[in-house]
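Have a look at the structure below before the remarks.
The values are calculated or read from the model by the stated rules, or taken from the named source; none is laboratory data. Note that the coordinates shown come from a computational prediction; the quantities given were computed from them, not determined experimentally. Note that we place each Cβ from the backbone using ideal geometry, even for glycine, and neighbour counts take in every protein chain shown.
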């Protein structure tokens, strides 16, 4: 097999399983968030606990095991909803496990749960300079709906992005 110089090898397939968050997972969630984000953006323990405690909050956890070892947490997605609106608070996947479909699995499960709760539209924010994240969200049907100036520490902007969930009907806003 001939690989181009600098090309990344294809990822080794992983066995990834999803489950609901349980309180004993908290320290692992916190550690993963700290590894995935710049320290100025990563959530404090207090913030993470608050998000998990929001009304309508849900957290999907991704795990994998290798060589018959105990499952290890490799990512998670926290969402919240109220009425017909959902919000992706954060989605974190450890860097060694990206490009294995883990983020897509987490997102699809989170969307499925939100749909079951009656949510019709989901929103999120992502940094305007994070091209990989923007591409990921767009690949999954999220579209930019505006820019939030100085959303992140250090004056970094964020795109507001949204997606109407499959099966939800367009809301009639009046006569055409």
Considering only residues that are farther than 20 Å from residue 79 by Cβ and surrounded by 11 or more Cβ atoms within 10 Å (Cβ to Cβ), look in the range 153-176 and name the one that is modelled with the highest pLDDT.
-> 157
Which residues, counting only those in the range 31-60, are in contact (Cβ under 8 Å) with a residue 60 or more places away in the chain and touching a strand residue (DSSP E or B) at 6+ places or on another chain (Cβ under 7 Å)?
-> 32, 41, 56
So which residues in the range 111-141 are in a helix (DSSP H, G or I) and either under 19 Å from residue 158 (Cβ atoms) or touching a residue at least 60 places away in the same chain (Cβ under 8 Å) (or both), if there are any at all?
-> 131, 132, 133, 134, 135, 136, 137, 138, 139
